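Here the structure comes first, spelled out in structure tokens, and everything after it is commentary.
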Amino acid sequence: MDHPLIDLISARIQKAEAEGAFDNLPGAGKPLPKVEDPENALIRRVMQENGAVPEFVSLSRTLAALRLELQETGDRSRRKDIMQEMSMLEARMDLARKAYSK
């Protein structure tokens, strides 16, 4: 089943081509780069172009901040809370890494 706006989309693309909107684009005439994971290539490219990072990377950054806080904290109860939070983050990171590599 075609998208309900396929005719409008096609017309806009044809108009843009006629106006030269697609001329002189970066990489025009060059082969597409090879990708290891073609199913997720678009998602990864969009994430990279927008500065997004995989979940395990953001969790790793949070974990590093907690390690720093742990070093600077003398309060025993706060240290215990930080260590519990770190343990949970490490488990989440492991799961996120496994999900990312699939």
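The values are calculated or read from the model by the stated rules, or taken from the named source; none is laboratory data. For clarity, every value in this text was computed on a predicted model and none was experimentally measured.
Remarks
- Among the residues examined, Gly74 qualifies as of a type in the set (Gly, Ala, Ser) and at pLDDT 90 or above.
- Residue match in segment 63-79 (condition: over 16 Å from the mean Cα position of the chain (by Cα) and among the hydroxyl-bearing types (Ser, Thr, Tyr)): yes
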